[in-house]
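Okay, handing you the structure first.
The values are calculated or read from the model by the stated rules, or taken from the named source; none is laboratory data. Just so we're clear, the structure is a prediction, and the values are computed from it rather than from any experiment. Quick reminder, even Gly has a Cβ in these numbers, built from the backbone with ideal geometry, and neighbours come from all protein chains shown. Accessible surface is based on the protein model in full, side chains and every heavy atom, while ligands, DNA and RNA are left aside. Shrake-Rupley method; radii C 1.70, N 1.55, O 1.52, S 1.80 Å.
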Amino acid sequence: MSENTEKRKPTFRYAVLVILAVIIFTTIGMVGYGASVTTMFLLSWIIVVPAAMKLGYTNSEIERAGFEVGVDAFQSNFIILSVGALIAAWTASGTIPTIVYSGLLIITPKYFLVATLIICSLTSIATGTSWGTLGTSGVALISIGNSMGVHPGLTAGAIISGAFFGDKMSPLSDTTNLAAAICKTNIITHIKHMMGTTVPSYIICVVLYTVIGFKYANSTIDYHQISEVTTILKSNFHIGIIALIPIIFLMILLVLQKPPILSILASTVMAGVVAVLQEGQKIKDIFEYMLSGFQIETGLAYTDKLLNRGGIMSMAETALLVFVVFVIAGILQRTGFLEVLLEPMIKRIGNSRTKLVGSTFIVSYLANAFSSSMMFTSVFVGTVMSPIFREFKLKPENLSRIIEDTATLGAPLIPWNSNAIFCSQTLGVGIFTFIPYCFLNWISPIINFIYGVTGFSMPTYTDEELKELERQELESQNFANI
């Protein structure tokens, strides 16, 4: 087929059939057979490419269209891979152990629920994983709560709120990096913008869990598990302020608005120095940790699961997912599928920002319910809705924040979602028992929607900024064609 062949615009019906085929194919693989979202998106090439060829595009034209957009994933992927090295270095330096250790010391019966929220938040921010937090701090805290007679739904709700708070706000989180990458916004800008909804939501959660916790003021607590964990952490690491130097250093660099990749790698090197000088680690081992993840045997499964993680390779699949998604999305965009698909939605939304935000919420929750994956939801919503947000001159951090509040925080609230099932199985609490008490997961989206209706904290592009953005995108495209 010649590249000079006349190209046809897909009909709306054809565009819907192709997108549905991708969604159904991907969902069946993930939900029915446990395949990774990366594998299924890669395999969706066999749907997308033939569909585009029927419109008159050659295979080489389609590949070029996808790879031109795929170039945009490079910066995000370097950040994601750098985060993997950072997690391992922070563990080796005692940074993450110090954060967890400090959190476990603040537990008291009267403030157990709010302490649970804070501990899981600190653990999740430090490690960048909600599931890791649930399987470590969460398991310990649910046992402590049960021994105190605290309602298991309340304890689980506080654990989940804290775990997904960190998953949403941590620069180490794969979902946070993915949402920023898909929406093409800076990771630090994305996190700063999320604070507008997350901070007030978190304050409300602190108040609610504190007030409810007064009911258990006279309960007793078994400190055996806490003592066991803190003793192991203290015996294997030098807990203290020196171990926090790498994270303080990173925060300073980010506040000074230094480039994210440079800041993350500088903190990684700083952590490596602390690990060598204070923890007695060998330089050779530090480099190995940065690649493959930190490794230690403490004799306690809880701490081993918490500490044995990180490394560039642990982030490899996430980085690959970002690249594959960008390529597939580039094909769908350049061959007209997304444009045709969005036309009816744009007409119904009109000039209403409220309808735009409401439609994004609906699409996100439906995708989360349909796919059972917050990763897939982030990819789908970011790909489909980004052009419409651009039409409204809304900056991409508005969309990435909505995705986090609905995809990341919404996942545990959908009973059949993989995240809700994991929470239930890990904590040993029924899904419908904990759902009402996941306060952060309910409150943050509500505040986000209010912002969307009122326009508060919804930054927009100026005409000059849009022109500059288009110029940069054209330069990037020309560079990709070289």
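Just to check your reading of the model, which residue among LEU253, LEU262, LEU208 is part of a helix (DSSP H, G or I), at pLDDT below 90, of a type outside the set (Gly, Ala, Ser) and within 30 Å of ASN448 (Cα to Cα)?
On inspection, the qualifying residue turns out to be LEU253.
Which residues, counting only those in segment 352-398, are of a type in the set (S, T, N, Q) and not in a helix (DSSP H, G or I)?
Those that are of a type in the set (S, T, N, Q) and not in a helix (DSSP H, G or I): SER352, SER372, SER373.
Select from segment 291-322 the residues that are closer than 14 Å to LEU81 by Cα and either at pLDDT 85 or above or touching a strand residue (DSSP E or B) at 6+ places or on another chain (Cβ under 6 Å) (or both) and list them in ascending order.
Listed by number, the residues that qualify are LEU291, SER292, GLY293, GLY311, ILE312, MET313.
Quick one: in segment 361-410, which of the residues that are modelled with pLDDT of 85 or more and aromatic (Phe, Trp, Tyr) is least open to solvent (accessible area, probe 1.4 Å)?
The extreme case among them is PHE389.
Taking into account only those residues within segment 39-55 that are free of Cβ contacts under 8 Å to residues at least 24 places away in the same chain and under 25 Å from the mean Cα position of the chain (by Cα), which is nearest to ILE23 (Cα to Cα)?
Selected residue: MET40.
Which condition from (1) of a type outside the set (Val, Ile, Thr); (2) farther than 19 Å from GLY410 by Cβ; (3) open to solvent by less than 10 Å² (accessible area, probe 1.4 Å) is the one that LYS184 breaks?
Among (1) of a type outside the set (Val, Ile, Thr); (2) farther than 19 Å from GLY410 by Cβ; (3) open to solvent by less than 10 Å² (accessible area, probe 1.4 Å), the lone unmet condition for LYS184 is (3).
So, of the residues in segment 124-154 that are open to solvent by 10 Å² or more (accessible area, probe 1.4 Å) and of a type in the set (Ser, Thr, Tyr), which turns out to be modelled with the highest pLDDT?
Looking at residues that are open to solvent by 10 Å² or more (accessible area, probe 1.4 Å) and of a type in the set (Ser, Thr, Tyr), I get THR129.
Do the conditions hold for LEU122, that is, is it closer than 21 Å to PHE432 by Cα, hydrophobic (A, V, I, L, M, F, W, C) and either touching a Gly at 6+ places or on another chain (Cβ under 9 Å) or assigned to a helix (DSSP H, G or I) (or both)?
No: the conditions fail for LEU122.
Kindly evaluate GLY330 against the criterion of being closer than 25 Å to MET40 by Cβ, at pLDDT 85 or above and open to solvent by less than 10 Å² (accessible area, probe 1.4 Å).
no
Oh, and also: With the condition being hydrophobic (A, V, I, L, M, F, W, C) and over 30 Å from ILE28 (Cβ atoms), I'd like the helices (runs of 4 or more DSSP H) fully within segment 399-471 carrying at least 3 qualifying residues.
Helices (runs of 4 or more DSSP H) meeting the threshold: 439-454.
Got a sec? Which helices (runs of 4 or more DSSP H) wholly within segment 4-110 have at least 3 residues that are of a type outside the set (Val, Ile, Thr) and open to solvent by 40 Å² or more (accessible area, probe 1.4 Å)?
12-27, 45-53, 59-70, 74-92
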